[in-house]
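The values are calculated or read from the model by the stated rules, or taken from the named source; none is laboratory data. What you see is a predicted model, and the numbers here were worked out from it, not measured in a lab. Virtual Cβ from ideal backbone geometry, glycine too; neighbours counted across all protein chains shown. Heavy atoms of the whole protein, side chains included, go into the accessibility calculation; ligands, DNA and RNA do not. Shrake-Rupley method; radii C 1.70, N 1.55, O 1.52, S 1.80 Å.
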Amino acid sequence: MQDVRFDLPFDTPVSEHLAYARERHLRWVRERGLVRSQAGFEEYVSWDLAQAAARTYPYASADGMVVLMNWFSLAFLFDDQFDAGRPDRADRIAEVARELIVTPLRPAGAAPRVVCPITLAWAEVWEQLSHGMSLTWKTRFAASWGRFLAAHCEEVDLAARGLAGSLGVAEYTAFRRRTVGIHHSIDAGEASRGFEVPAQAMAHPLMERMRDLAADTIGFMNDIHSFERERRRGDGHNLVAVLHRERGCSWAEAADAAHRMTTACLGEYLELEARVPQMCDELGLDAEQRLRVEMGVEAIRHWINGNYEWALTTGRYAAVKEGPVATAESAGRGSVDDLLTV
């Protein structure tokens, strides 16, 4: 279903630093041990996360783009570490996740207490990503990042107990909003351009709802585009699979229903986005504050459209896999390499 299209009423730019940053990023990934085999490296390259970062953070500096690509790598690779054939891995994932959660709460540059390639990489990346940002922003990011990682552990626990796909549509929708990890990803858009959305705008119900709808839209799009990959792995945490099971409908009917749900979320988001100037009036924001709000809305758009454009071509969601990657996925693993050990 990777070729499923959506009608997005806006285009977003791509960073001019893509080629420069990609080269340095791929070297960093190998140097930090985030890929450990040639097969793992080739699979990682096929995902083209560099393109994803260049589309979702198009105005980052050249060196800032490298940092964002590096962050993407450790987040995506950690997401793939669960092995359905080894449910005992859930405990190790929870241990590593706790370390990733507390890293933003420690002084910058503090060494991780749980050591593996992913925790070491995150300690390095967080120091760079958060540089120059306020404590308010760091706290907001840390909270969103923590909720995402806690939800990831819940997802792994359900899978370990053979309960993946057991949630109903309503439960799954709320759960997916946390597991997709979009709130902190939008927050990173501020760091990528060195600005911060005014606190009173971030706390406004309109902005909160827009961010939730963006997370829903992106999460559901992702479920549709990644369906073949997740089905191969036996992963029931997918909107199409949940609809298929709950409604007793065909896969095609479930996919159509998922597409309608996604389109509805996008439509509501666009309606609310049109009310942002009214929100700024209500809050009495000055011209400089309004500009920062507009940039914050741009960060949301960059994620909706940038992630969509990347998903259509990334090898991560390819319908067919071969070699060690296919063997790993058929065994329930998302990654060729084990990154949870030293």
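Could you check segment 254-284 and list, in sequence order, the residues that are in a helix (DSSP H, G or I), open to solvent by 50 Å² or more (accessible area, probe 1.4 Å), under 22 Å from L8 (Cα atoms) and without any contact (Cβ under 8 Å) to a residue 24 or more places away in the chain?
D256, R260, A264, E271, P277
Taking the condition over 27 Å from L312 (Cα atoms), over 20 Å from the mean Cα position of the chain (by Cα), acidic (D, E) and open to solvent by 30 Å² or more (accessible area, probe 1.4 Å), does E42 pass? Before you say what the answer is, go through the steps one by one.
On the way: over 27 Å from L312 (Cα atoms): no; over 20 Å from the mean Cα position of the chain (by Cα): yes; acidic (D, E): yes; open to solvent by 30 Å² or more (accessible area, probe 1.4 Å): yes.
Against the criterion (over 27 Å from L312 (Cα atoms), over 20 Å from the mean Cα position of the chain (by Cα), acidic (D, E) and open to solvent by 30 Å² or more (accessible area, probe 1.4 Å)), E42 does not qualify.
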TODO: Starting from residues that are out of contact with any Lys or Arg (no Cβ under 9 Å at 6 or more places or on another chain) and part of a helix (DSSP H, G or I), keep the ones in segment 316-326 and report whichever is most open to solvent (accessible area, probe 1.4 Å).
DONE: P324
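Is it true that some residue in segment 115-135 is among the hydroxyl-bearing types (S, T, Y), in a helix (DSSP H, G or I) and crowded, with 20+ Cβ neighbours inside 10 Å? Even if it seems obvious, please write down each step before you answer.
Taking segment 115-135 first, the residues among the hydroxyl-bearing types (S, T, Y) are 119, 130, 134.
Adding the requirement that they be in a helix (DSSP H, G or I) leaves 119.
Okay, now just the ones that are also crowded, with 20+ Cβ neighbours inside 10 Å, so 119.
Checking segment 115-135: at least one residue is among the hydroxyl-bearing types (S, T, Y), in a helix (DSSP H, G or I) and crowded, with 20+ Cβ neighbours inside 10 Å.
In segment 45-67, how many are under 15 Å from the mean Cα position of the chain (by Cα) and open to solvent by 20 Å² or more (accessible area, probe 1.4 Å)?
Here is the first cut: in segment 45-67, the ones under 15 Å from the mean Cα position of the chain (by Cα) are 47-57.
In the following step, the residues that additionally are open to solvent by 20 Å² or more (accessible area, probe 1.4 Å) were identified as 48, 51, 55.
Within segment 45-67, residues that are under 15 Å from the mean Cα position of the chain (by Cα) and open to solvent by 20 Å² or more (accessible area, probe 1.4 Å) number 3.
Take W28 and tell me if it is touching a Lys or Arg at 6+ places or on another chain (Cβ under 6 Å), among the aromatic types (F, W, Y), closer than 23 Å to L340 by Cα and in contact (Cβ under 8 Å) with a residue 40 or more places away in the chain. Give the derivation first.
Values: touching a Lys or Arg at 6+ places or on another chain (Cβ under 6 Å): no; among the aromatic types (F, W, Y): yes; closer than 23 Å to L340 by Cα: yes; in contact (Cβ under 8 Å) with a residue 40 or more places away in the chain: yes.
Taking the combined requirement at face value, the residue does not satisfy it.
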Task: Any chance R147 is closer than 26 Å to R233 by Cβ and open to solvent by 30 Å² or more (accessible area, probe 1.4 Å) - done: yes
Task: Output for segment 36-60, where each listed residue is aliphatic (A, V, I, L, M) and modelled with pLDDT of 95 or more - done: V45, L49, A50, A52, A53, A54, A60
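Name the single residue that is nearest to R98 (Cα to Cα) among those in segment 153-176 being assigned to a helix (DSSP H, G or I) and among the aliphatic types (A, V, I, L, M).
From segment 153-176, those assigned to a helix (DSSP H, G or I) are 153-160, 169-176; that's our starting set.
The next check asks that each one be among the aliphatic types (A, V, I, L, M); those that pass are 156, 158-160, 169-170, 174.
Values: V156: 14, L158: 18, A159: 19, A160: 18, V169: 28, A170: 27, A174: 22 Å.
Looking at the filtered set, the residue picked out is V156.
Please tell me if G236 is part of a helix (DSSP H, G or I) and touching a helix residue (DSSP H, G or I) at 6+ places or on another chain (Cβ under 8 Å). Walk me through it before giving the result.
Working: part of a helix (DSSP H, G or I): no; touching a helix residue (DSSP H, G or I) at 6+ places or on another chain (Cβ under 8 Å): yes.
The answer is no for G236.
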- [ ] Quickly run through segment 8-20 and pick out the residues that are open to solvent by 70 Å² or more (accessible area, probe 1.4 Å) and in contact (Cβ under 8 Å) with a residue 24 or more places away in the chain.
- [x] P9, D11, Y20
Open item on the list: Could you list, ordered by first residue, the pairs with Cβ atoms under 8 Å in which the first is in segment 104-124 and more than 16 Å from T341 (Cβ to Cβ) and the second is assigned to a loop (DSSP other than H, G, I, E, B) and open to solvent by 70 Å² or more (accessible area, probe 1.4 Å), at least 6 apart or interchain?
Closed with: A108/H131; A123/A111; E124/R32
